[in-house]
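Below is one structure; the comments refer to it alone.
The values are calculated or read from the model by the stated rules, or taken from the named source; none is laboratory data. Everything quoted here is computed from the prediction, not taken from an experiment. All Cβ positions, even for glycine, are placed from backbone atoms using ideal geometry, and neighbour counts span all protein chains on display. Each accessible area value is taken on the protein alone, full model and side chains, heavy atoms only, with ligands, DNA and RNA left out. Shrake-Rupley method; radii C 1.70, N 1.55, O 1.52, S 1.80 Å.
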There are 2 protein chains.
Amino acid sequence: MQVHLIGTGAVGSLYGGLLARSGAALTVQCRSDFVEVQRDGIRIESHVGLGNWVFRPDQVIRAGEPLVKPPDIVILAIKLTPRCDRVALLSPVIGPKTVIVSISNGLEVENELADSFPDNEILGGVAFVCATRINPGHVVHQAYGHLVLGRYPSGPSLAGEALVNRWLSTGASAEYSLQLETVRWQKALWNASFSALCTISHTHTASVLGSAEELVRQVMTEIHETATRLGHELPNGIIEKQINGTHRMPPYLPSMSLDQRAGDPTEKEVIVGNAVRAARRAGVKTPHLDTLYTLLKLQE
Amino acid sequence: MQVHLIGTGAVGSLYGGLLARSGAALTVQCRSDFVEVQRDGIRIESHVGLGNWVFRPDQVIRAGEPLVKPPDIVILAIKLTPRCDRVALLSPVIGPKTVIVSISNGLEVENELADSFPDNEILGGVAFVCATRINPGHVVHQAYGHLVLGRYPSGPSLAGEALVNRWLSTGASAEYSLQLETVRWQKALWNASFSALCTISHTHTASVLGSAEELVRQVMTEIHETATRLGHELPNGIIEKQINGTHRMPPYLPSMSLDQRAGDPTEKEVIVGNAVRAARRAGVKTPHLDTLYTLLKLQE
């Protein structure tokens, strides 16, 4: 299995490194960390049981370098900010049979790829993991770790199941889902509400729950209604389950908050904006969510 | 006319200074600026035609100092934050016939005074003025300047009309309104929406209009509906008029933003919280306004 990984942030490095450990041949496409990764590989320290190891890709390239032959699988693991151009990144490395795997946050993020590469199989990945690139070529996996893969928009995939089996063989937690979009909505319930509230108020999840728990519930209810109206049945009691789960977490700053603090572009459009746009399409009123979205745009 | 002024911020100093100019005898009750005001009086510089002058009160006192006799009128011109105790400030200086005038921001702010001083006439004042205390005893009046006075909850008042006539005699713009509470709702339309949005997003009115004009309109519409349901008929087209007027203003930071930046308590409860509570009482849903209120509490 020849895998081409684009993006060596925390998620790409961790799941790419695990694939390499499972015996896959990996080419890694870097941006700012090219020199370090080519020289030293990527060090991964898992504090939750996946080991400490250095992942040395078969090949380390920069965007635009020619490939000998197209890969079986390209994994795109980058933040989906307004600046990133996924089609431009993918076009040079895609062959007619290459399976595209986009591991990312956000809702309705695969349709652009399906439109641009109508003949390629498209998979989406949703990572429930706490991992951080602390330096170029150095990733720490702090907590959690579950990856859900599914075909866009839904259905089975041999390539997807093969990937999941490879991750499982390394001891990681992963699953194949026939309902990718439903998984995305389930994650968005948490992500759109807490990321927006933490980012706007410059505080962490525990403070948000301390004085805005009812608002969290209202925003989640609006997203839940939108998902349901669009045909995505979320598990019973999921809102209370997510709120109670967050009460048990240590105070946490979502990546949107960290990006904003660092002055980097955020994923507000794919996480919050796409939820708002989906709600309009579905005819669902989401005034609390709309207010948060407007404030995020105003702050940026 | 013996007037006792509590509060030597921008509004109290300006309107107290104008009353003194009209010939009223003023006692001024100071807090942190006692020494400067007693020594030098209060310097007022109006950039919009009311003159530059030094206002020397007949008497300058600190809270708690005994009065020779109760004043005809006490003017309370302080910020209504959760810390301020208006009843404690007023009790020592009120006689049976003293008229209480509370010049302040906010909605439904006179009821507490009416409950505590049921036998005194209570007037409210709403100032549409841009003025700043730049130093202890030094106030600059930058722009605008209109003061509306009215009896709480409504109706005529001889004392109120006498005060308005004194201000008019100095060249200031002032009027007596038979519908005090309607005037408060009219100001709250602008104040609750722009103050909340500017404070939460750490930006000025021009930025808010640049990317959140529709949200301003939605919040104003919710407040308008609440006012109407409570029997306060606001002028036709007032929402568009206020938005267009704000487009013509230079970028402006509401006092709530300035207080928050300075780390001081804000008037969010009387401006935004009271609007939310009135909406609940009136049975009006105000999800956009509710979201802003929760975020203000979260930030503080």
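The figures follow:
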read-out	value
Average partner coverage of B:288-296, which counts Cβ from other chains inside 10 Å	6
Packing rank of B:100-107, B:113-120, where each peptide gets the mean count of other beta carbons within 10 Å, highest leading	B:100-107, B:113-120
Globularity index of chain B, i.e. its alpha-carbon radius of gyration over 2.2 N^0.38 Å	0.97
Loss of accessible area when A meets B, both sides summed, Å² nearest 100, probe 1.4 Å	1500
Share, in percent, of DSSP beta bridges within the protein assembly as shown that are antiparallel, nearest 5	35
Copies compared at B:K69 - label distances in nm, ascending, label defined 7 Å from Cα in the Cβ direction	10.8
DSSP beta bridges in segment B:107-181 [antiparallel fraction, %, rounded to 5]	75
Debye-sum result for the protein assembly as shown in log10 I(q)/I(0), which assumes one identical scatterer on each alpha carbon, at q = 0.11, 0.12, 0.13 Å⁻¹	-0.97, -1.09, -1.23
Kirkwood hydrodynamic radius over Cα pairs of segment B:88-216, then Stokes diffusion coefficient at 10 °C and 1.306 mPa s, in µm²/s	96
Span from the segment B:50-97 Cα centroid across to the segment A:48-113 one, whole angstrom	70
The protein assembly as shown - mean residue ellipticity at 222 nm from DSSP helices (-39,500 (n - 2.57) per run, n ≥ 4, rounded to 500)	-12500 deg cm²/dmol
Packing rank of B:86-94, A:237-245, where each peptide gets the mean count of other beta carbons within 10 Å, highest leading	B:86-94, A:237-245
Mean separation of Cα contacts under 8 Å, 6 or more apart, over the residue count of segment A:93-211: relative contact order %	20
For segment A:152-221 and segment B:243-261, distance of Cα centres in Å	38
Label distances, nm, B:P136 versus same residue in remaining copies, Cβ-directed 7 Å point	5.6
Binned Cα-Cα distances of segment A:175-245, short to long, each 5 Å bin given as a whole percent	3, 17, 29, 22, 15, 9, 5, 0
Accessible surface of segment B:2-178 [probe 1.4 Å, protein heavy atoms]: carbon and sulfur percent	51
Principal axes of segment A:48-136: Cα extent on each, largest first, Å	39, 34, 24
Whole-number percent relative contact order across segment A:18-153, with pairs defined as alpha carbons under 8 Å at least 6 apart	24
Fraction of beta bridges assigned by DSSP in segment A:1-160 that are antiparallel (%, nearest 5)	40
Rel. contact order, % - alpha carbon contacts under 8 angstrom, at least six apart, chain A	17
Ratio Rg/Rh [Cα only; Rh per Kirkwood] for segment A:2-178	0.92
Teacher prompt: B:R277 distances to equivalent labels in other copies, 7 Å Cα→Cβ, nm	4.2
Sequence-distant residues sharing a close amide H with B:L80 (under 5 Å, placed H)	B:N105
Shielding by partners - mean other protein chain Cβ count within 10 Å, residues of A:200-211	3
Average partner coverage of B:279-287, which counts Cβ from other chains inside 10 Å	1
Rg/Rh ratio calculated on Cα atoms of segment A:182-299 (Kirkwood radius)	0.94
Axial C-alpha extent at least 27 Å, average Kyte-Doolittle at least -0.5 - helices from chain B (DSSP)	B:205-229
Ranking by accessible area, most exposed first, for A:E181, A:E65, B:E233 with a 1.4 Å probe	B:E233, A:E65, A:E181
